[in-house]
Amino acid sequence: MAEGAWPGERLIASAQGGDLESIAALVSGSHPHVRRFARTLCASPEDAEDAAQEALIILYRKIGTLRASGALASWMFRIVRNECLRRARLRPLHHEVPDAGTVSAEDEVLRRLEAGRVAAAIAALPADQRNVLIMRDIQGYSGRMVADALGLSVPAMKSRLHRARASVQQALQGALDSVSGEGDD
């Protein structure tokens, strides 16, 4: 497995078949990516660590339910997103007493809501666009690496990435417009 890459389809297929060594290698190989997702989506470093661990436990227990081995990153992204959202709903804000250098509870709630909207917009993308966006913008892979990993030409990858970014931007703008009351005549 190339450094920084998600586990390969052979390893995923072996893990889906119940091979314990493959499952362990899959969980281990997915861990850095899952942690990166969680750090991006969760409200706190503690929630991110907990969400990453929970996502890896789900991967370990339910790898056999993954329908397509190429969908591992998208599947894990959804698991992490859901776990971060669940933790955000459970986290009691009144226990956090901000000092002068921290963010207010209101700002934290707004940040969490925005992260939830971004995650929902990404999750709503078609799988081909979502995979490109996650690999390029969230995982930080180069355009060439993304194209190669997905079996695309670089121009095709760029086209999908552009459509994905435009769709997310449109979804977020639509959410802002509905909150601010624009479009209500």
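Taken together, the values in this text are just the output of simple stated rules run on the coordinates, not laboratory data. On a predicted model such as this, the values are computed, not experimentally measured, just so you know. Cβ sites come from the backbone with ideal geometry, for glycine too, and all protein chains shown count toward neighbours.
List of remarks:
- A Förster radius of 30 Å, combined with the Cβ-Cβ distance separating L90 from V154, puts the computed FRET efficiency at roughly 0.10.
- Across the alpha-carbon atoms of region 29-73, the computed radius of gyration and Dmax are 11.0, 31 angstrom.
- The tail of the calculated P(r) for region 18-175, taken as Cα-Cα distances beyond 21 Å, holds 51 percent of the pairs.
- For region 140-146, Karplus couplings with θ = phi - 60° (6.51, -1.76, 1.60), whole Hz, Gly/Pro x: x, 6, 5, x, 4, 5, 5
- Potential lengthening between Q53 and D107 on full extension [0.36 nm per residue; Cα-Cα distance subtracted]: 16.8 nm
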